[in-house]
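Please treat every number below as a calculation from the coordinates, not as lab data. The structure presented is a predicted model; accordingly, all values stated were derived computationally and were not measured. We place every Cβ from the backbone using ideal geometry, glycine too, and count neighbours over all the protein chains shown.
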Amino acid sequence: MENVSKLTLMSNRITSFRLTHQNILTLGYFILLLLPFVIAESLGMLSEGLYTTVLSVLNLIAMMAFFVQFPLAGRLKRLPLFANIDWGMTKHKQLGKYLGIFFFLHPLLILAPKFFVSFDYLTVSIMDAITSPQLLTGLIAWAVMSVWVMMSIYKDKLCMSYETWRLLHVIGFVVIATLATLHITTVGSHGQYNQTFNFVWWSLYLLSMSLVTYNYFIKPRFIKGKPFTISSLKKISDVDWQLDIEAKSKQSFAFEAGQFVWLNTSGSAYNFEQHPFSIVSEQNNKGKLSFIIRELGDYTKALHKLNIGQTIFVDGPYGSMSLERSRTAQGITLIAGGAGIAPMMGLLRELAKQGDPRPIRLLYGNQTIQKMVCLDELMSLEKSMKNFKLVLLCEQTESCPETLQPFVKQGFIGKEEIQQSIDFDLTHQPLTQDWTVYLSGPQGMISATNQHLKEIGITANHIHFEQLSF
Ligand SMILES: Cc1cc2nc3c(=O)[nH]c(=O)nc-3n(C[C@H](O)[C@H](O)[C@H](O)COP(=O)(O)OP(=O)(O)OC[C@H]3O[C@@H](n4cnc5c(N)ncnc54)[C@H](O)[C@@H]3O)c2cc1C
C-alpha cells in the first residue's frame with residue numbers, strides 16, 4: 001500500500017514537471033558552466049588520454065562554477081539568470097561546498113596518476129608543486145580556499161559577527177580568484193599553450209572583480225542618493241518590533257508583496273552592516289515601507305537605539321516569493337514560523353487588498369502567544385476576507401488568553417496541519433496539485449516543512465520559501 005502511494009507521488013511529480021522558473025534558471029546555469037568546455041573543445045584542446053580529458057573537463061566546469069559564484073550572490077536585479085536572489089543564494093551556498101571539496105581534491109587528482117608511474121616521480125612532482133613559482137599561486141589559493149570554505153560552512157560557530165565573516169568572505173575570495181586565475185593561466189595544458197583561453201579566464205576574472213567593485217563601491221553611491229528616514233518604531237510583541245520608514249524625497253519605491261530589502265542604519269551607505277528584512281506594508285506610491293523585526297542577535301536586539309528621523313539606506317527590493325507565482329493556484333497556504341510572519345503579512349495584506357476569493361490559509365507557529373504579532377488584524381481579516389482561515393500553533397499554550405483560544409492549537413506546524421489546510425475538489429480528492437504554499441521561517445523549520453510538503457505531494461514548483469538567513 002505504502003509502495004503504491006509512493007509510486008503515485010512519483011508519477012504525480014513527473015507529470016507535473018514543467019519548465020518552471022527555477023528549472024529554467026538551473027538549465028541556464030548549467031549551460032553557462034559548459035562554456036569554457038565548449039571553447040576548449042572548439043580550440044581542439046581536449047585530445048589527451050581519458051583520465052586527463054575527464055579531469056580537464058571537470059576542472060574547466062569547476063573553475064567556471066567558481067566565477068559564477070560571484071554573480072549568484074551578487075544582488076543583480078537586472079540580469080534574469082541572477083535576479084532571483086533566493087535561488088541564487090541557495091545555489092551559491094550548496095555549490096560552494098561542492099566546489100570546496102572538488103578544489104581540495106584537485107592537487108590529489110592531478111598527482112594520483114604519477115603515483116602509479118613511480119613513487120619517485122610522485123615525490124619530484126610534489127617538490128615541483130611546492131617550489132615552482134607558477135604552481136605556488138595555486139598552492140596558496142588551494143590553502144586559502146580550504147580554510148575559507150570551512151569558515152563559510154561553520155560560520156555560525158565562529159567567534160565573529162556576521163559582518164566580520166562577510167567582509168573576510170569577500171576579501172578572501174577576491175584573493176583566491178586572483179591567485180587561481182594566475183595559476184590556471186600559467187600552468188596546465190590550457191594555460192601554458194593557449195592565449196585565447198587565457199583571455200577567457202582573465203575576462204571572467206575581471207567581470208567578477210567588477211561585480212565586487214560595483215556592489216561595494218558604486219551601488220552605495222546610488223543608494224546614498226535615495227535615503228529614507230525612520231518614521232516610527234514600536235514594540236509589537238515580547239520580541240518583535242515594527243519599523244516604519246519613508247523616502248526622504250517622497251520618491252516612490254516599487255516592490256511586490258513578499259519581497260525584502262537590505263536595511264542599513266549605520267549612517268553610511270558604504271557600511272558593510274546591512275540586514276535583510278521583508279516588507280510587510282502594502283504596495284504604495286509614497287515610498288513608505290514597514291517591517292516586522294524579531295530580536296535575535298546583536299543588531300536586532302539593539303533596535304531600541306534607533307531614533308525617529310534617523311537616516312536609513314535601503315537596497316532592494318529583492319526576492320521572488322511574489323503572488324505572481326500562485327496566479328493559477330486554486331488555493332494558497334501561507335506558513336510562518338516566528339519572524340517568518342513578516343513576508344506572509346505582506347502577501348496576506350496584498351491578497352486582502354485584491355479581494356482574492358480563493359481559499360487562503362495561514363498557519364502561524366511560535367513558542368508562545370506573546371511572541372505573535374498582528375493578531376487583531378489577522379482575526380479581523382478572517383471575518384472580512386472571503387475565504388481566509390487562521391490557525392495559530394503555540395508550543396506552550398498556558399498563557400494564551402481566552403479570546404484567542406478558538407484559534408490556537410498546541411504544538412508545531414506539522415504534516416497534519418498542512419494537509420488540513422488544503423481543500424478538496426468535487427470528487428473529495430485534495431487539491432494538492434493546484435495548491436500553492438508560501439513558507440518562511442528559520443532554517444530547521446523550512447527543511448522539516450519542505451519534507452512534509454513533499455510527503456503530502458505538493459511539488460517543488462508549488463512551494464515558495466524564504467529562509468531567514470543567508
Ligand atoms: C531574505 C531574508 C528576509 C528576512 N526577513 C526578516 C524579517 O522580515 N524579519 C526579521 O525579524 N528577520 C528577517 N530576516 C532575518 C534577519 O535578517 C536576521 O535576523 C538579522 O539580520 C539578524 O541580525 P543580528 O545581528 O541581530 O543577529 P546575528 O546573531 O548577527 O545573526 C543571526 C543570524 O542571522 C543571519 N544574519 C545576520 N546578519 C545577516 C545579514 N546581514 N544578512 C543575512 N543574514 C544575516 C545569520 O545567518 C546569523 O547566523 C530575514 C533574513 C533574510 C535572509
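Couple of notes before you dig in:
- Dimensions of the chain based on its C-alpha atoms, expressed as ranges along the principal axes with the largest first, amount to 81, 63, 39 Å.
- Here the extension length gained between Y51 and T90 equals 10.9 nm, from 0.36 nm per residue of separation less the Cα-Cα distance.
- For the chain, share of DSSP beta bridges that run antiparallel, in % to the nearest 5: 50
- Shown for C159, C394: other C-beta atoms within 10 Å of each C-beta, ranked fewest to most, produce the order C159, C394.
- Distances between placed amide hydrogens fall under 5 Å for I312 paired with F228, T229, I230, all partners being 5 or more residues away or on another chain.
- Förster-model FRET efficiency, 45 Å R0, N307 and L139, C-beta, rounded to 0.05: 0.30
- The stretch between R327 and S146, if pulled fully straight at 0.36 nm per residue, gains 60.7 nm over its current Cα-Cα span.
- Between Q367 and C159, the distance separating the two model label sites (each 7 Å from Cα on the Cα→Cβ line) works out to 2.6 nm.
- Simple spin-label estimate for S210 and Q396 in nanometres, 7 Å along Cα-Cβ: 5.6
- Translational D in µm²/s for the stretch 228-318 (Stokes-Einstein at 10 °C, 1.306 mPa s, Kirkwood Rh from C-alpha pairs): 120
- Span-rule helices in the chain, defined as complete DSSP H runs reaching 24 Å or more along the axis (Cα) with Kyte mean at least -0.5: 50-72, 85-117, 133-153, 162-186, 195-213
- Sites S231 and L122 - FRET efficiency at Förster radius 56 Å, r taken between beta-carbons, to 0.05: 0.25
- FRET E, pair S42, V174, Förster distance 30 Å, beta-carbon r, rounded to 0.05: 0.50
- One decimal place: the segment S469-I218 gains 87.9 nm when fully extended, by the rule 0.36 nm per residue minus the C-alpha distance.
- Descending Cα extents along the principal axes, the stretch 323-467, whole Å: 40, 33, 28
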